[in-house]
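Report on the following structure.
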Amino acid sequence: MRHRKAGRRLGRTTSNRQAMVRNMVTSLIEHERIITTVPKAKEVRKVVDQMITLAKRGDLHARRQALSFMQDKKMVAKLFDVLKEEYLTRNGGYTRIIRTGNRLGDAAEMAIFELVNYSEEKGAKEDN
């Protein structure tokens, strides 16, 4: 029985799951929009909200905590410099999960996982 055990296992070992979550958080901060499965998006949403809350705090300790989790200096800098300003007045709810249907291979429920302030124009400019 799994009573009172929070979180999803996602069919992975603990170390593999932690690495996947770190990579997905870093990718979401970098691209501001990723396509993944719904359970993964729901699991990563918790961590992304924590990272943005750390950025809003903005002190050295918060930066080091984010860096110890994400391990990519450029993405931590983006989080603390660019995204902090966008979400400064918002109290939580920094991400959006848009369900897109089922994947053809295994019928897994897919979703677009994006930051709330994501816009197509901004995403197109960053890709160039």
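The values are calculated or read from the model by the stated rules, or taken from the named source; none is laboratory data. On a predicted model such as this, the values are computed, not experimentally measured, just so you know. Because the Cβ atoms are built from the backbone with ideal geometry, glycine has one as well, and the counts that use them run over all protein chains shown.
Out of the residues in region 1-13 that are over 24 Å from residue 65 (Cα atoms) and loosely packed, with under 10 Cβ neighbours inside 10 Å, state the one that is modelled with the lowest pLDDT.
By that ranking, first place goes to 2.
Quick test for you: out of 114, 32, pick the one residue that is at positive phi and in contact (Cβ under 8 Å) with a residue 40 or more places away in the chain. Spell out how you get there, then give the answer.
On the way: 114 fails: at positive phi.
Among 114, 32, only 32 is at positive phi and in contact (Cβ under 8 Å) with a residue 40 or more places away in the chain.
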